[in-house]
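**Student:** One structure coming up, written as structure tokens, with questions to follow.
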Amino acid sequence: MRTQVAIVGGGPSGLLLGQLLHKAGIDAVIVERVSGDYVLGRIRAGILEQVSIDLMDEAGVGARMHKEGLVHEGIEMLFGGERHRVDLNKLTGGKNVMVYGQTELTRDLMEARSAAGLPTVYEAQNVRVHEFDSTHPYVTYEKNGKSERIDCDFIAGCDGFHGVCRASAPRSAIKEYEKVYPFGWLGLLADTPPVNHELIYVNSPRGFALCSQRSATRSRYYLQVPLTDKVEEWTDDAFWQELKLRLDDKGRRDLVTGPSIEKSIAPLRSFVTEPLRFGRMFLAGDAGHIVPPTGAKGLNLAATDVKFLHDAIVEFYKDKSEAGIDDYSRKCLGRIWRAERFSWWFTQLMHRFPHDEAITSKFQNAELDYLMNSESGLKTIAENYVGLPLDFGASKR
Ligand SMILES: Cc1cc2nc3c(=O)[nH]c(=O)nc-3n(C[C@H](O)[C@H](O)[C@H](O)COP(=O)(O)OP(=O)(O)OC[C@H]3O[C@@H](n4cnc5c(N)ncnc54)[C@H](O)[C@@H]3O)c2cc1C
């Protein structure tokens, strides 16, 4: 088989890139290791920045998102037993975020892809990338016991943190930066109305909690837990009890509990690969970087990588220019490091770390108190949370 762009990985990055390239008249084949149902079963991100919303529109798949997504103009911060609101809209001159689950976004992209008859190979085994340091790279895989080969001009590594693309880059050409946090997030999804119309980020003496949501009838809650905890050890009752202990009186009163429809523990990590381009192979999304979910940046960063990669590939074919692909890593990494910094900072501010001294939580409370009472402190949180502009800092370079 021959195509212009072979996309490895059919998660949000791969699907969005495929759809945007299709709109630009560029052929792409997606090769995905697991089944489509498996991809849709993964409960992950839920907050879209404006840039991701715009890209879904550009890809022509935004209709359901605009109908069902919930626009949020603020978030709440709970610490020292009191809630404080961060008015995102007012503090950023009208910017908001949208609650729309990654599962729904993925479903919209999958349906559009299948409606347009675009090729996706699911359950491809032993996927390998070859000769990406030349102008004739190719991808191989096995399916139904047969070996297959896709010749292409470019390989897009959209295959997540554990994928094959980053692992295939020569070790001498890659530098990886990593911080693993000494706790995880236990997430619970339930068909219950959210405890609050906006998200609540909680710093409590018992650890961090997040009251999030997927719709007006579906809630997503998270608890900071030790990495040694096993999800099977957490009954629904134990989860709700612990969440109540981390909330304020109003939260305890308003919380509607119910049976979980999904529960999982995710480890937290900050991770960046430099560069993101290896000849004719590019890394996008979680293949190149991971953020702790505290700042809700993972999916949004993936979407901006995809935008930059799409623009560079279009420039290559339409203008016969390699300037965009030459600049891909630099352009993405500026934005990635800013989001990494915010996510790391917000994680440090909101979580209890093992062996923290009593003074650390006092420092956290004092910093939160300062931020909530300072216009510039509030602005700092708000502008990072809604996502810095794509050209942020460009005028200074
Ligand atoms: C529990 C959890 C909660 C999260 N919460 C948030 C949040 O609130 N907000 C936020 O913005 N982000 C969040 N994230 C991060 C967000 O989900 C990711 O950033 C996003 O999924 C990245 O998309 P991606 O397509 O780059 O990678 P992935 O979603 O990981 O997709 C990669 C795809 O590649 C496939 N693949 C892997 N290896 C191969 C191979 N060898 N060959 C072919 N295919 C392969 C995988 O099966 C997968 O389908 C969360 C992540 C997790 C795990």
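Quick note: the coordinates plus some simple rules give every number you see, no bench work behind them. Keep in mind that this is a model prediction, so the values were computed, not measured. Counting neighbours? That spans all protein chains shown, and the Cβs are built from the backbone with ideal geometry, glycine included.
**Student:** For the stretch 188-234, what class follows from the C-alpha gyration tensor (a ≥ b ≥ c being the square roots of its eigenvalues): rounded when a/c is under 1.5, otherwise prolate if a/b is larger than b/c, else oblate?
**Tutor:** oblate
**Student:** Mind jotting down the distance between the C-alpha centroids of the stretch 261-316 and the stretch 359-377, whole Å?
**Tutor:** With the stretch 359-377 and the stretch 261-316 each reduced to a Cα centre, they are spaced 30 Å.
**Student:** For Lys95, go through the aspartates and glutamates and keep the ones whose alpha-carbon is under 20 Å away, minus same-chain ones fewer than eight residues off.
**Tutor:** Once the sequence-local aspartates and glutamates are set aside, what remains near Lys95 is Glu49, Asp54, Asp57, Glu58, Glu68, Glu73, Glu76, Asp87, Glu198, Glu375, Glu383, Asp391.
**Student:** Okay, which of the stretch 173-202 sit inside 20 Å, backbone N to the point 7 Å along the Cα-Cβ direction of His355?
**Tutor:** Backbone N within reach: 178-184.
**Student:** In percent, how large is the relative contact order of the stretch 72-172, given Cα pairs closer than 8 Å and 6 or more residues apart?
**Tutor:** Rounded, it is 14 percent for the stretch 72-172.
**Student:** Please work out the FRET efficiency for the pair Ala238 and Glu274, using the Cβ-Cβ distance as r and a Förster radius of 41 Å; give the result to the nearest 0.05.
**Tutor:** 0.50
**Student:** Let me ask another. Can you bin the stretch 242-299 into rounded, prolate or oblate? Criterion: square roots of the alpha carbon gyration tensor eigenvalues sorted a ≥ b ≥ c, rounded for a/c under 1.5, prolate for a/b above b/c, oblate for the rest.
**Tutor:** prolate
**Student:** For the pairs Lys23/Lys307; Lys90/Lys362; Lys307/Lys379; Lys179/Lys297; Lys175/Lys297, flag any whose C-alpha to C-alpha distance is greater than 18 Å. Walk me through the numbers on the way to the answer.
**Tutor:** Values: Lys23/Lys307 13 Å; Lys90/Lys362 29 Å; Lys307/Lys379 26 Å; Lys179/Lys297 16 Å; Lys175/Lys297 22 Å.
Table pairs above 18 Å Cα-Cα are Lys90/Lys362; Lys307/Lys379; Lys175/Lys297.
**Student:** Let me ask another. If amide hydrogens are placed 1.01 Å from N in the peptide plane, which non-local residues have theirs closer than 5 Å to the one on Ala59?
**Tutor:** Here nothing satisfies the definition.
**Student:** Show me, for the stretch 260-265, the HN-Hα J-couplings you get by feeding each phi into the Karplus relation (A = 6.51, B = -1.76, C = 1.60, θ = phi - 60°), rounded to Hz, glycine and proline as x.
**Tutor:** For the stretch 260-265, the Karplus curve yields 6, 9, 6, 9, 7, 10 Hz.
**Student:** Semi-axes of the equivalent ellipsoid of the chain: what are they in whole Å, largest first, if each equals the square root of 5 times a C-alpha gyration tensor eigenvalue? Numbers along the way, then the final one.
**Tutor:** Numbers: eigenvalues 270, 103, 82 Å².
After diagonalising the Cα gyration tensor, the semi-axes are 37, 23, 20 Å.
**Student:** Then there is this: List the residues, sorted by chain then number, that are 5 or more residues from Gln213 or on another chain and whose placed amide H is less than 5 Å from its amide H.
**Tutor:** Those lying under 5 Å, H to H, from Gln213 are Arg220.
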